[in-house]
1. Suppose we filter segment 17-28 for residues that are in contact with a helix residue (DSSP H, G or I) (Cβ under 7 Å, 6 or more places away or on another chain) and near the ligand (Cβ under 9 Å from one of its atoms); how many remain?
2. Hey, could you check segment 179-210 for residues that are of a type in the set (D, E) and assigned to a helix (DSSP H, G or I) and say which is nearest to the ligand (Cβ to nearest atom)?
3. Tell me the residue from A31, A10, A45 that is out of contact with any Lys or Arg (no Cβ under 9 Å at 6 or more places or on another chain), within 16 Å of the ligand (Cβ to nearest atom) and of a type in the set (G, A, S), please.
4. Any residue that is within 26 Å of L20 (Cα to Cα) and either touching a residue at least 12 places away in the same chain (Cβ under 8 Å) or within 16 Å of the ligand (Cβ to nearest atom) (or both) - is there at least one of those in segment 235-242?
5. Could you say which residue among R330, R314 is assigned by TED's automatic domain parsing to the domain that holds R296, open to solvent by 60 Å² or more (accessible area, probe 1.4 Å) and closer than 27 Å to G397 by Cβ?
6. Please work out which residue is farthest from the ligand (Cβ to nearest atom), limiting yourself to segment 151-178 and to residues that are small (G, A, S) and farther than 30 Å from P26 by Cα.
7. With the requirement that a residue be touching a helix residue (DSSP H, G or I) at 6+ places or on another chain (Cβ under 7 Å) and buried (at least 16 other Cβ atoms within 10 Å of the Cβ), what does segment 262-280 give you?
Amino acid sequence: MKITQSIFHAHINCPTKCWLKFTGEPADGNAYGEWVQRQNKEYHATLVHRLRSEMPPDGRADAPTQESLKSSKWRMGFDVAVATSQNLEARLDAVERVPPEGRGKSAWFIPIRFVFTNKLGKSEKLLLAFDAFVLSEVLGRGIGLGKIVHGYNRATLKVKTSTLAGKVRRRLDKIAVLLSNATPPDLVLNRHCAECEFQTRCRQRAIEKNDLSLLTSLSEQERADLNGKGIFTVTQLSYTFRPRRRPKELKQKREKYHHSLKALAIREKKIHIVGRPELKIEGTPVYLDVEGLPDRDFYYLIGVRIGIGESAIRHSLWADTIEEEGRIWREFLGILETVEKPVLVHYGSYEKTFLNRMCERHGKPPEASTVAETVRAGVNILSVIFAQIYFPTYSNGLKDIARWLGFNWSAGDASGVQSILWRNEWERGEAPLPKEKLIAYNSEDCSALELVARTVSLVCQRTQTSNSEPPDHLGIVIANNLDSKATMWPKFNSTIEGFEAIIEFRINNGYGLSHSTSGRV
Ligand code: SF4
């Protein structure tokens, strides 16, 4: 069983990916994932070229063999392939050799990784520690230090790889167990799926299985707890929702999020409401959606939609370079000044962060002005939805909800990660097409936001006036009015006397239908 960097990396992201890669499962591909790989490859080539040119020929070595490492005299070796007798393999971007400090002493070796991003994720240090681990096994001596050279400015991060060796070892043990199985581990969709080459396959299977991990808000622990109770599917979870009367003293407090109600909404294909959500937009709605490059901390496109419906006015403020970010911010403030009683409407925390950062970076609007108040008091539609309005969608993402409401993006592959790719294509070629796509995508996000906001507003109006009514023709269900008996598991008929009562007792007391270890139900 050969464990390479690629297998180790896959395991950090997802055990299923690790197993699929190891067994050679054909992948569907993923444009974003492929772009990341290309970026890293180019970054690697550029850095190697640069470092080579800065060194005398006898100070460097290209692809030195592992047998020659101990006797080497060079300062820097590039593309160093190492493999252990336990079948661990790594190809190190570079290895720095620090000459021995005296007679009888050995040289040190420092593994180096090249990473194109400015910000480093959790996996980078662990991957470097894997490289160091394999190198130390090959050399038969400890490797205490490694380096990551990353980003535009080629920043160097020093990492104490010795402190991560235990983590590497434990992960290698887990990988060995995983790969010795003939079947893949239980499928769990996760954050990495968006950039994974198996995304289509896994999503399809999760939908076929109606798997709990389709619910993006469910944490790993919550899912494990539910599995422990014998609940594995979204439909099973939907039957566990119980409407509960809240004690008077808690009435003003916000409800907690009910995963079971989300599942029920999906099963019933209807919007479910808890409490009395409120949405106040007293003025002219200004729908805001911003595109940025998180790795560069750069916002390059501000999309604005003023007013509603056909008469809405759209603006797309585009920055070619990071130096132009301040200009588009000032243009945005200028637009707000022209709107009568503007109310900024956005979805999620990304735009709120943008507003705060722009105020810090490029200046706030004048104190006590209408624009200053508008920027301060934006309306976050997601916070109105959260724990109060349950759309029949697996996530509360704008895309999922707007699509359920019938909205379509002109580009079928439109998504956050795709937008990063388009911007990169545009920057490299200055070709107009990716810019057009981005502007259309962002503008459609604003339209989708308007649709979702208007739906939420309608739902809020309904609940303010008809809390005691049964589900109405819009498909809105007031969760508190549900008959708790009607939401239980379907009627179970057993030929064994008393069995039904036991099952009902278990369900009502949150035990689910799993078998106990003693073999009794
Ligand atoms: S798509 Fe998601 S679940 Fe499937 S292998 Fe990739 S990361 Fe894992």
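1. Of all residues in segment 17-28, those in contact with a helix residue (DSSP H, G or I) (Cβ under 7 Å, 6 or more places away or on another chain) come to 17-19, 21-22, 28.
Of the ones still in play, those that are also near the ligand (Cβ under 9 Å from one of its atoms) are 17-19, 21.
Of the residues in that region, 4 qualify.
2. From segment 179-210, those of a type in the set (D, E) are 186, 195, 197, 208; that's our starting set.
Cutting the leftovers down to assigned to a helix (DSSP H, G or I) gives us 195, 208.
Numbers: E195: 8, E208: 13 Å.
It comes out as E195.
3. Details: A10 fails: out of contact with any Lys or Arg (no Cβ under 9 Å at 6 or more places or on another chain); A45 fails: within 16 Å of the ligand (Cβ to nearest atom).
From the options A31, A10, A45, the qualifying one is A31.
4. To start, the set of residues in segment 235-242 that are within 26 Å of L20 (Cα to Cα) comprises none.
Taking every residue of segment 235-242 in turn, none turns out to be within 26 Å of L20 (Cα to Cα) and either touching a residue at least 12 places away in the same chain (Cβ under 8 Å) or within 16 Å of the ligand (Cβ to nearest atom) (or both).
5. Working: R330 fails: closer than 27 Å to G397 by Cβ.
One residue alone meets the criteria, R314.
6. Taking segment 151-178 first, the residues small (G, A, S) are 151, 155, 162, 165-166, 176.
Cutting the leftovers down to farther than 30 Å from P26 by Cα gives us 151, 155, 162, 165-166.
Values: G151: 25, A155: 28, S162: 30, A165: 26, G166: 25 Å.
Of everything passing the filter in segment 151-178, S162 is farthest from the ligand (Cβ to nearest atom).
7. To start, the set of residues in segment 262-280 that are touching a helix residue (DSSP H, G or I) at 6+ places or on another chain (Cβ under 7 Å) comprises 263-264, 266-267, 271-274, 276-279.
Passing the criteria: A263, L264, I266, R267, I271, H272, I273, V274, P277, L279.
Quick grid of which residues meet (1) touching a residue at least 60 places away in the same chain (Cβ under 8 Å); (2) open to solvent by less than 80 Å² (accessible area, probe 1.4 Å); (3) within 25 Å of K21 (Cα to Cα):
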position: G104; (1), (2), (3): no, no, no
position: T117; (1), (2), (3): yes, yes, yes
position: R141; (1), (2), (3): no, yes, no
position: G146; (1), (2), (3): no, yes, no
position: R154; (1), (2), (3): yes, no, no
position: K158; (1), (2), (3): no, no, no
position: S162; (1), (2), (3): no, yes, no
position: K167; (1), (2), (3): no, no, yes
position: V177; (1), (2), (3): no, no, yes
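The values are calculated or read from the model by the stated rules, or taken from the named source; none is laboratory data. All values reported here derive from a predicted model rather than from experimental measurement. Note: ideal-geometry Cβ built from the backbone for every residue, glycine included; neighbour counts use all protein chains shown. Protein only, heavy atoms only, side chains kept; ligands, DNA and RNA dropped before computing areas. Shrake-Rupley method; radii C 1.70, N 1.55, O 1.52, S 1.80 Å.
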